[in-house]
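*Asks:* Below is the structure I would like to discuss, written out as structure tokens.
The values are calculated or read from the model by the stated rules, or taken from the named source; none is laboratory data. A quick note: this is a predicted structure, and the numbers were derived from the prediction, not measured. Glycine also receives a Cβ, built like all others from the backbone with ideal geometry; neighbour counts cover every protein chain displayed. The protein model used for the area step is the full one, side chains on, heavy atoms only, and it has no ligands, DNA or RNA in it. Shrake-Rupley method; radii C 1.70, N 1.55, O 1.52, S 1.80 Å.
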Amino acid sequence: MSKIDSKKLSFLQGEELLSTLEQEAVKNGISDIHINPQKNNVKIEWRELGLLAKLLDVSHEIFETVKRRIKFKSKLKMNIETIAQDGQYTFPTAGRMINVRVASLPSRFGEALTLRLLDPERGIVPLEKLGFPIEIKEKLMQLVELPNGLILVTGPTGSGKTTTLYALLSTLSGKDRNIITLEDPIEYELKDIIQSQIDSEHGYTFATGLRAILRHDPDIILVGEIRDQETAQTAIDASLTGHLVLATLHTNSAIEAIPRLLSMGVSTYTFAPALRAVLAQRLVRTVNPEFRESPDTHVEDEANFYTGQCSLPELLVASESIKNLILSQATSSEILAAAHKEGYKTMKEWGETMVHDKVTSKLEVARVTAA
């Protein structure tokens, strides 16, 4: 699946192996490298276009040298292997610096390591290059120009939520609006925007950070993730007092964001008027133009069949009728029925359009939208 020569890697050791993995990962647009100790060897995999691909197995002896190098670079405690640790380091490539988030995890056969690569060329992308349907893109551009309200972006980990939010904020940078973000962690540097890092160990949480941000006269606030009732209600209250608030939430669909927030205990009488829209999304692999005449033809080498990713969205705009349904605590199915009458499309329905346009395949849409 990957474009790297695994046999070449098998002859490398220690720092040379790690360096080659890093450079090849950037060339191939890899988001994560997984190093997982097994009983007799250590498995190295990476995530390519959203899917995990095995690269090679190495001995425990080679793994130890790689692990020591990773822990040294990321400032993890070398002599501790029985608790999880987090760290980071950077490495240069092609005139830019790649940030690597390192997470260690005790496992039965040794410390498992996951390296998340944060490449500014991949993380900070113009909105028009994310692959949204024109109708969705134009509506998002209108929404972020609103003076106040709450816009939610939902989806599982790895669905491109942060990339979409960064793209939206980048369109507003330099437009005489004070933009402040609250993130955990800060993944990429955004020009002309104040970015604030959560530090839970010292009491700087999303809730406390959001209250602090409101004292700095923001026009637009990005909340990296709504995790609890306090953060949710503070974000809603902020959006009702003259601020545009963008936030992420973990739900499977746009509609599900409404009962999720209500289940946290937020007030329906503040949530309904505050809500402007909910964008849910997944990342789907895009078909190589060479195969677009028959995008569901079986191709043994998927690395040649799919050559990129784009966003598969669904956008719920909070019309007056939707807000009234929230106030009356209507069910998700009732909200969905009302939204459909107003032109709302689910991800599966947008997927059908993208398959028709030969952007992706039926199998790919089914993979990311399966319940």
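*Asks:* For residues in the range 322-332 being polar (S, T, N, Q) and more than 27 Å from the chain's Cα centre (by Cα), which is most open to solvent (accessible area, probe 1.4 Å)?
*Replies:* The extreme case among them is Q329.
*Asks:* Any idea which residue in the range 2-27 is modelled with the highest pLDDT, counting only those that are surrounded by fewer than 16 Cβ atoms within 10 Å (Cβ to Cβ) and in a loop (DSSP other than H, G, I, E, B)?
*Replies:* Q13
*Asks:* Just checking, does the range 60-71 include any residue being of a type in the set (F, W, Y) and free of Cβ contacts under 8 Å to residues at least 40 places away in the same chain?
*Replies:* The answer is no, given that none of the residues of the range 60-71 is of a type in the set (F, W, Y) and free of Cβ contacts under 8 Å to residues at least 40 places away in the same chain.
*Asks:* Something else about it: Which residue pairs have Cβ atoms under 6 Å apart, sit 6 or more places apart or on different chains, and have a first residue in the range 214-240 that is touching a residue at least 40 places away in the same chain (Cβ under 8 Å) and of a type in the set (S, T, N, Q) and a second that is surrounded by 16 or more Cβ atoms within 10 Å (Cβ to Cβ) and not in a loop (DSSP other than H, G, I, E, B)?
*Replies:* Correct list of pairs: S239/G149; S239/L150; S239/V245; S239/A274.
*Asks:* Here are K54, K39, K77, K43: which of them is assigned to a strand (DSSP E or B), open to solvent by 50 Å² or more (accessible area, probe 1.4 Å) and modelled with pLDDT of 95 or more?
*Replies:* Numbers: K54 fails: modelled with pLDDT of 95 or more; K39 fails: assigned to a strand (DSSP E or B); K77 fails: assigned to a strand (DSSP E or B).
None of the others qualify; the one that does is K43.
*Asks:* Conditions first: (1) open to solvent by less than 40 Å² (accessible area, probe 1.4 Å); (2) closer than 19 Å to R69 by Cα; (3) modelled with pLDDT of 90 or more. E48 passes all but one, so which condition is the exception?
*Replies:* (2)
*Asks:* Looking at K362, K345, K341, can you tell me which residue is more than 16 Å from F132 (Cα to Cα) and either without any contact (Cβ under 8 Å) to a residue 40 or more places away in the chain or crowded, with 19+ Cβ neighbours inside 10 Å (or both)?
*Replies:* Result: K341 is the single residue among K362, K345, K341 that is more than 16 Å from F132 (Cα to Cα) and either without any contact (Cβ under 8 Å) to a residue 40 or more places away in the chain or crowded, with 19+ Cβ neighbours inside 10 Å (or both).
*Asks:* Also: Could you say which residue among V144, V223, V153 is at negative phi and touching a Phe, Trp or Tyr at 6+ places or on another chain (Cβ under 9 Å)?
*Replies:* When all the criteria are applied, what remains is V223.
*Asks:* While we're looking at this one, here's another question. Evaluate the range 91-100: report whether one residue or more is touching an Asp or Glu at 6+ places or on another chain (Cβ under 7 Å) and among the polar types (S, T, N, Q).
*Replies:* no
*Asks:* Name the helices (runs of 4 or more DSSP H) wholly within the range 267-371 that hold at least 1 residues that are more than 22 Å from G155 (Cα to Cα) and modelled with pLDDT under 95?
*Replies:* The helices (runs of 4 or more DSSP H) meeting that bar are 302-305, 347-356.
*Asks:* Quick one: in the range 240-273, which of the residues that are over 23 Å from the mean Cα position of the chain (by Cα) and closer than 13 Å to L150 by Cα is surrounded by the most Cβ atoms within 10 Å (Cβ to Cβ)?
*Replies:* Within the range 240-273, the match that is surrounded by the most Cβ atoms within 10 Å (Cβ to Cβ) is F271.
*Asks:* Would you mind stating whether F91 is under 30 Å from S170 (Cβ atoms), part of a strand (DSSP E or B) and in contact (Cβ under 8 Å) with a residue 60 or more places away in the chain?
*Replies:* Answer is yes for this residue.
*Asks:* Looking at (1) surrounded by fewer than 16 Cβ atoms within 10 Å (Cβ to Cβ); (2) touching a strand residue (DSSP E or B) at 6+ places or on another chain (Cβ under 9 Å); (3) of a type outside the set (V, I, T), which is the one condition that is false for R215?
*Replies:* The failed condition is (2).
*Asks:* Would you mind stating whether S74 is among the small types (G, A, S) and within 30 Å of T251 (Cβ to Cβ)?
*Replies:* Judged against the criteria, S74 is not a match.
*Asks:* Out of all the residues in the range 309-318, is one or more out of contact with any Pro (no Cβ under 9 Å at 6 or more places or on another chain) and more than 19 Å from K161 (Cβ to Cβ)?
*Replies:* No, because not a single residue in the range 309-318 is out of contact with any Pro (no Cβ under 9 Å at 6 or more places or on another chain) and more than 19 Å from K161 (Cβ to Cβ).
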